[in-house]
Each structure stands twice: as C-alpha cells, then as structure tokens.
Amino acid sequence: MVATQQQAPVAPQGLGRAGLLAVVVTVLAWASAFVVIRFVAPWLSPGALSLGRLLVATVALSAMTSLPRLGGGTRLARLRALPQRVRWLVVLVGLAWFALYNVALNAGEQHVDAGTASMIIQIAPLLVAVLAGTLLREGFPTPLVVGLAIALAGTVLIGVASGTADAGERPAGGSPGLGVALVLVSAVAYAGALVAQKVVLRHLSGLVVTWAACAVGTVALLPFAGELVRGLAAAPAVVWWAVAYLGLVPTALAFSTWAYAMGRSDAGRLATTTYAVPPVAIALGWLLLGEVPLLLAVVGGVVCLVGVAVARRPARRRTSVATG
C-alpha cells in the first residue's frame, strides 16, 4: 500500500501595507459609486449614465494598459491570439458586467436608496458559487446550500421592507419593488460575468480583461449617446464631475487596485472584504444624501451577509488518499 498526499497550495505572499491600502481604496470606491449614482439619477437616464461612466473608464484603462511595464502595445495582439470561444467570453463579460449590470443598477437606484441597493448586490457572490458549481463543476457543498437559503431570505426581507414603506420613507419617484427587481437583475448579470471572467483570466491579465470588457460595454451602450449629450447639456457642472468620478475611481481605479490585491492574497479571503461595501454605502448615503434605509431592509441586508458568510465556509475535505 502506498500513501500519497496532495501537495499543499502555495501560500500567498501576503497583502502587505500596499495591498491593504489597495483593498481599502477598492471598498471605499465601490461603496461611493452607489451614492454617486443616486445623486446623478435626476439628470441622466440609466443608459446615458452607464455610457458616460464607461467612456471615461475606457479612456483611462486604455492609458493604463499602454504603459510599458504592463505590456503596452500588445493588448490587441493578445486578444487576437485567444481561442474564438474565449474571445466570445470576453464579449459576454462586457455585455453582462459593464453594460447590463450598470444599466440595471442605475435604473434600480432610481427606486431604492443607495444602502439598500448595495445590500441586494451582495447576493451576487452566492450566485457566482451556484453558477460555478453548475457550469464549472465545482460542486455544491453543504455550507453553500445553507448560505444560499439564508441570503435569499434576507433578499425577501429587503423586498418586503421596500414594498411596504410609507411614501415619505421612499426615495423620490418610482416603485421600490421594481427597484429591488432591477438591482437583482444587475446582481445576476454580475455573477454570470464573473464566472465567464474566471475562464478568460486563464489567458489574459485582469487589467487587460477589464479594459477589453469595458470597451465592449461602451460600444454596446453607444445608442444612448444622444441621451448622454442632451442630459449633460442640461445638467450642472457637478454632474459632469460625478460622471468623471464614476468612470475614473469606482471603475478604472478600483478594478485596478482590486487586481493588485488579488495577486497578493487568497481570492476567497479577499472576496469577503466586499461585504464591507453595504455599511460603507449606507453611511455615505446618510451623510451625503440624507438617506436612512428602513430598519427591516437593514435586517434583511444583515441576513444576506450572514448567508454569504455561511456559504464561504470551506467544506471539509480529506488531504490524503491511500492507494494500494
């Protein structure tokens, strides 16, 4: 009988101070996006805002990927060298994540507050696990199933809270129930795109994938160019700055700092840091927009996070196998 042991995975080198700073920047940037989207909503339609944000981000990411130390000048050659199936996955990531996700989220935040939207989005990590278990054959461990049930219950609580709120407690205009549904659509699009991106990242760096997908999303949203021009023409200068901020900070910068930290930490552990986004978004929404989420919505958000935490618990597995 011969005993063989699985080789232990190599430990990440550790975040360090620079990596920790990158995580903090990412969380703050992504949380602030929910607040800025709510602020810009009265002036720009969901499609126009998405296009403006992606135009700025595509220009910034094009400049970043042109830097010599990042392999500037080779990004198009890398894309052409990809298998056709992978190129289509890049297109899928761009359409689902950068186009559909942004439009659905922007539309949803015309009906629900920034804090509530940021909590609903936290269902996405569980959806990623479900899709990965089905499409990538990663399985369905017990913690995942239990966590999914808990998180779905939390989402129901958020929906009930939004649907039963008094008119004075709701964000101005629209239907809260519709807002919850739209943000859920954005979470599904985000989850599907991440699963596709997981395959693409075997062939390209995270920064190049982000640039290519952002460019695809920009092209897909060009039909909203007229609305963007008309909206910006009638909007005050602060709206222009807000759109530029969304493109430069939560999109171009935050995705870059996330990729930097991802290369220096275990992916599963790093992903848990995004659970800090909802409370930060709630705090920023309260301080900057005066939005106080309903108590039941907060409870639902906490339940969602508990479900995600349960789902992230590793399943027990054997580390040695005996063969004879």
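The values are calculated or read from the model by the stated rules, or taken from the named source; none is laboratory data. Since we're looking at a predicted model, the values are computed, not measured. For neighbour counting, all protein chains shown are included, and Cβ atoms are generated from backbone atoms with ideal geometry for every residue, glycine included. These area figures cover heavy atoms from the full protein model, side chains too; ligands, DNA and RNA do not enter into them. Shrake-Rupley method; radii C 1.70, N 1.55, O 1.52, S 1.80 Å.
What to note about this one:
- Counting only helices (runs of 4 or more DSSP H) that sit wholly inside the range 23-101, those with at least 3 residues that are modelled with pLDDT of 90 or more and among the hydrophobic types (A, V, I, L, M, F, W, C) are 46-65, 84-93.
- Residues in the range 26-45 that are in contact (Cβ under 8 Å) with a residue 24 or more places away in the chain, surrounded by fewer than 22 Cβ atoms within 10 Å (Cβ to Cβ) and more than 16 Å from Ala281 (Cα to Cα): Ala41, Trp43, Ser45.
Conditions tested, residue by residue: (1) within 14 Å of the chain's Cα centre (by Cα); (2) open to solvent by less than 30 Å² (accessible area, probe 1.4 Å); (3) in contact (Cβ under 8 Å) with a residue 40 or more places away in the chain.
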residue	(1), (2), (3)
Gly179	no, yes, yes
Gln197	yes, yes, yes
Val200	no, yes, yes
His203	no, no, yes
Trp211	no, yes, yes
Val238	no, no, no
Trp241	no, no, no
Thr251	yes, yes, yes
Trp258	yes, no, yes
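- Residues of the range 220-251 that turn out to be part of a helix (DSSP H, G or I) and farther than 15 Å from Ala48 by Cβ, as a count: 8
- Positions within the range 101-116 being over 12 Å from the mean Cα position of the chain (by Cα) and of a type outside the set (Val, Ile, Thr), in sequence order: Ala104, Asn106, Ala107, Gly108, Glu109, Gln110, His111, Asp113, Ala114, Gly115
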